[in-house]
1. How would L152, L103 line up from fewest to most surrounding beta-carbon atoms within 10 angstrom?
2. A48 to A135: extension gain in nm, 0.36 nm per residue of separation minus the Cα-Cα distance?
3. Under the 0.36 nm per residue contour assumption, what length would be gained going from the current alpha-carbon distance of K115 and F161 to full extension?
Amino acid sequence: MSCLALIALAVGWNLATQGRVAARADVRVAFAEMDLDNNGVITRQEHAEFMKTNDEDMEEVLPGGKLPAACEADLAGAMDDPIANFAGFDANDNGEIVYTELLDAFIRMHTEAFKRYDIDANGFLNRNEFTAGLAGDGIDLGKECEEALTALAPLDDEPDFDEEVKVAFAILDENRDRKITLPEFLNNQPPFGLQF
């Protein structure tokens, strides 16, 4: 093997490893935030307390922490946050979540998203599939709900979807080959909540 080939392999391995390390570090941080007594397991009580804290954070975004009535029908299924489902993480159903269960849930959730996005099932996402996948994962709000949310928290600038897709695609495409593989997709995802 040539010297250049060895250097290319080393650099490629290093970049991929850094992505995996960063993604797992984010999951470890999420786990630490939920493990309130820092004993290495998340109990149902700790999970409930964590979710209560998240609800309190919502109060900072929306007055009273509640969505407008006009949005209830539009958002009924969309607000089922996977992190809110304790049973979805407790794989062995023992009433506790350990780090590996949370990591497995992270991998499972993002792998399912990748497969939904991979329209032609060829094992990678091109820019069109990625864009369509993100657009398909969006929430369709009715006019009344949009007006109610805008009245509560008007946007200074409308986000530019195309620019956000461009940036997200660049973050995920580690080797810049204009396609995203499943490992690239998993390596560069925030753990839960915000997603690409």
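The numbers here are math on the coordinates, done by the rules we state, and not lab data. What you see is a predicted model; the values in this text were computed from it and never measured. So basically every Cβ, Gly included, is an ideal-geometry build from the backbone, and we count neighbours across all protein chains shown.
1. Numbers: L152 14, L103 18.
The fewest-first ordering by Cβ neighbours comes to L152, L103.
2. Values: separation 87, 0.36 × 87 = 31.32 nm, distance 3.12 nm.
28.2 nm is the gain from fully extending A48 to A135.
3. Numbers: separation 46, 0.36 × 46 = 16.56 nm, distance 2.16 nm.
Contour length minus Cα-Cα distance gives 14.4 nm.
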